[in-house]
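Data first, discussion second: the structure below is written as structure tokens.
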There are 2 protein chains.
Amino acid sequence: MAHVGSKCRVCKAPAVIDLPRHNAHFCAEHLQQLCRRQMVKAIGDFDMLSPDDRVLVAVSGGKDSLAVWDLLIEAGYDADGLYVGLGIGEYSDESGRVAQRFADDRGLHLVTVDLRSDYGYDVPTAATATGRVPCSACGLSKRRLFDRAAVEGGYDVVVTGHNLDDEAAVLFGNTLRWDVDYLARQMPVLPAANGFPKKVKPLVRLTERETAAWCLVRGIDYLVEECPIAAGNKHLGYKEALNSIEATSPGSKAAFYHGFLDRMAPLLEGMSGASAGELARCEQCGEPTTGTVCAFCRLVETAAAHDPVPVEMVLPKRRRR
Amino acid sequence: MAHVGSKCRVCKAPAVIDLPRHNAHFCAEHLQQLCRRQMVKAIGDFDMLSPDDRVLVAVSGGKDSLAVWDLLIEAGYDADGLYVGLGIGEYSDESGRVAQRFADDRGLHLVTVDLRSDYGYDVPTAATATGRVPCSACGLSKRRLFDRAAVEGGYDVVVTGHNLDDEAAVLFGNTLRWDVDYLARQMPVLPAANGFPKKVKPLVRLTERETAAWCLVRGIDYLVEECPIAAGNKHLGYKEALNSIEATSPGSKAAFYHGFLDRMAPLLEGMSGASAGELARCEQCGEPTTGTVCAFCRLVETAAAHDPVPVEMVLPKRRRR
């Protein structure tokens, strides 16, 4: 990832990565130092975690979730993992094996939930049954299962591996629509409220290139493949657009995201509709909702009643062979 | 610009252009109707012009400025043109000829100012003398000369041809930096204030593809070439990034720009530093400034003292041969 002969900015040893936005190269040791510092700064700046918190990390088997779990354990946090089996064919099978192996190798506790065996559906079937994009049912399922597992397991906080690229792309999407309600909630910390657990994103100061490098130098075996049914979604288009800007002006992605948090988010405080008023309780599961039956219970009902749909049926057209 | 056999949405005649953001094709007549309506709507929505205003149109010889002049004349406005000779080699020579021919053919009055003969410098020389990007000296020179010509000529308002693509790209740049001061001034109307004339942008509801089509169907001969020394600037990078989004989701560029005006601009009202307080008068030219000598007088002093620099010396590296 670095040019031949380039040297670490800190110790002048041979570099393993160049980071244009820092205008520097780093060796394996000082890359790790940079990652640790950026996570510690994010946790401190936004009051994400206390030393004695019981932490539940949402683990997908990809680089970001394994990196944040590794970083938190190394920093001394009491952190278990939660893996949700989404039923996205071989991609899910392999990601489950990778996550379990990571936990086993380190003696960590991984809670697992499986959509098909525990709730009677999977993401391809939910997408077909609802007639919406797969990412919609997938996101809803994961959010609700993370929340439920955290509350039932007595965890203080849910950690997700969202990195700077993820958050900048979501911010870009919300900005393109000037969705003031979403923009007002675009923070790396969601406080516990209405029966939902606190949720935090300790990697918002690290790019996906940096979390991949962390895994590489730490010998973490992660699933490199991206979700096959997410290919071509709008989120990835936003990432590409920002990457083209970043390539010409290194640092603009971080300036975009952190500039928003510094200068715009304070102007939007209290403008999120979700922060106003008390929520009702879902008639079926008893969890917080704005309606009578929550979106998740409605999804489960619709998707579990549908015949199972194989992943090949919901692949973006150009991925089908 | 349209597919063979496609028909106008309005009259079913053969179409000359397809506009994905309107999900429709148009014939020459109904394309013109669309352009006229969009301009009238922009003028009305933002109270840009009154029927008896004396209007000064900033004319570059490109499609946008000739289109807006043509549209305004056709709509019955009393509009003269102002052309500023920037001294950017053959590009400027040709743009001056095109602008003059447009005026002569229609019996319109074109005021001309020439940086080299009237102020002793040109844009390539100013860029070299100041050590900044050419677009910086060019923008400052044009803004000041438009203002001056409008005030001295007794015009009520300066019109520029900025289109939706221009404004969306500027908004995108300001958003990437979350420059709240600039964002708060990102309106298609700048009211007259502090001795500066009112400035308006009647084409903010039309894309550059639509203004080009207007010129095409109206038989307007415009300079197709873009400014050779602007190639590769950040503004063009922002346009490309937005174009890639627009290609996947037609209409997102208009939603981005007009969504900002509708939902975000009201939240930022009064946050522009420029709107606060009275300005001083420049010691040299007497025009409004925040310092003792205005930026334009300082530019003229620096640039006019420098030996003339040919345009070839300031071309982006990949354009030099």
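The values are calculated or read from the model by the stated rules, or taken from the named source; none is laboratory data. Please read these numbers as outputs of a predicted model, since none were measured by experiment. Here the Cβ is made from the backbone with ideal geometry for all residues, glycine too, and neighbour counts use every protein chain on show.
Can you tell me how many residues within the range A:43-70 are among the aliphatic types (A, V, I, L, M), part of a helix (DSSP H, G or I) and within 15 Å of the chain's Cα centre (by Cα)?
Residues flagged as among the aliphatic types (A, V, I, L, M), part of a helix (DSSP H, G or I) and within 15 Å of the chain's Cα centre (by Cα) within the range A:43-70 amount to 3.
Can you find a residue that is without any contact (Cβ under 8 Å) to a residue 12 or more places away in the chain, more than 16 Å from A:Ser60 (Cβ to Cβ) and surrounded by fewer than 24 Cβ atoms within 10 Å (Cβ to Cβ) anywhere in the range A:153-170?
No: zero hits.
Counting only residues that are in contact (Cβ under 8 Å) with a residue 40 or more places away in the chain and of a type outside the set (A, V, I, L, M, F, W, C), which one in the range B:227-242 is surrounded by the most Cβ atoms within 10 Å (Cβ to Cβ)?
Among those that are in contact (Cβ under 8 Å) with a residue 40 or more places away in the chain and of a type outside the set (A, V, I, L, M, F, W, C), it is B:Tyr238.
Out of curiosity, is B:Asp47 touching a residue at least 12 places away in the same chain (Cβ under 8 Å), within 21 Å of B:Gly251 (Cβ to Cβ) and acidic (Asp, Glu)?
no
Is it the case, given these coordinates, that A:Lys12 is part of a helix (DSSP H, G or I) and not β-branched (Val, Ile, Thr)?
No: the conditions fail for A:Lys12.
Name the residue, out of A:Tyr121, A:Tyr77, that is crowded, with 18+ Cβ neighbours inside 10 Å and either touching a residue at least 40 places away in the same chain (Cβ under 8 Å) or over 23 Å from A:Lys198 (Cα atoms) (or both).
Within the list A:Tyr121, A:Tyr77, the selection yields A:Tyr121.
When you scan the range B:173-191, how many residues do you find that are more than 9 Å from every other protein chain (Cβ to nearest Cβ) and out of contact with any Gly (no Cβ under 6 Å at 6 or more places or on another chain)?
So the count comes out to 11.
Find the residue count for the range B:81-122, including only residues that are in contact with a helix residue (DSSP H, G or I) (Cβ under 8 Å, 6 or more places away or on another chain), in a strand (DSSP E or B) and closer than 22 Å to B:Arg298 by Cα.
Residues that pass the stated criteria total 3.
Anything in the range A:223-246 that is within 11 Å of another protein chain (Cβ to nearest Cβ), under 19 Å from A:Thr211 (Cβ atoms) and over 15 Å from the mean Cα position of the chain (by Cα)? List them, or say none.
Scanning the range A:223-246 gives A:Tyr238, A:Glu240, A:Leu242, A:Asn243, A:Glu246.
Considering only the range B:284-297, I want to know if a residue exists there that is within 20 Å of the chain's Cα centre (by Cα) and either at pLDDT 90 or above or farther than 18 Å from B:Thr175 by Cβ (or both).
yes
Restricting attention to the range B:286-302, report how many residues are over 16 Å from B:Ala126 (Cα atoms) and surrounded by fewer than 20 Cβ atoms within 10 Å (Cβ to Cβ).
Of the residues in that region, 7 qualify.
Mind counting the residues in the range A:71-129 that are of a type in the set (A, V, I, L, M) and farther than 28 Å from A:Leu31 by Cβ?
Within the range A:71-129, residues that are of a type in the set (A, V, I, L, M) and farther than 28 Å from A:Leu31 by Cβ number 10.
Scan A:Gly286, A:Gly251 and give me the residue that is away from every other protein chain (no Cβ under 14 Å) and at positive phi.
Residue meeting the stated conditions: A:Gly286.
Can you go through B:Gly195, B:Gly270, B:Gly219 and tell me which one is within 30 Å of B:Ala150 (Cα to Cα), more than 10 Å from chain A (Cβ to nearest Cβ), surrounded by fewer than 19 Cβ atoms within 10 Å (Cβ to Cβ) and without any contact (Cβ under 8 Å) to a residue 12 or more places away in the chain?
One residue alone meets the criteria, B:Gly219.
Of all residues in the range A:23-39 being assigned to a helix (DSSP H, G or I) and in contact (Cβ under 8 Å) with a residue 40 or more places away in the chain, which is farthest from A:Arg205 (Cα to Cα)?
Ranking the candidates gives A:Ala28 first.
Do we find a residue being touching a strand residue (DSSP E or B) at 6+ places or on another chain (Cβ under 9 Å) and aliphatic (A, V, I, L, M) anywhere in the range A:179-190?
Taking every residue of the range A:179-190 in turn, at least one turns out to be touching a strand residue (DSSP E or B) at 6+ places or on another chain (Cβ under 9 Å) and aliphatic (A, V, I, L, M).
Scan the range A:296-314 and report the pairs whose first residue is in contact (Cβ under 8 Å) with a residue 60 or more places away in the chain and whose second residue is of a type in the set (Ser, Thr, Tyr) and part of a loop (DSSP other than H, G, I, E, B), with Cβ atoms within less than 6 Å and a gap of 6+ or a chain change.
A:Ala303/A:Tyr121; A:Ala304/A:Tyr121
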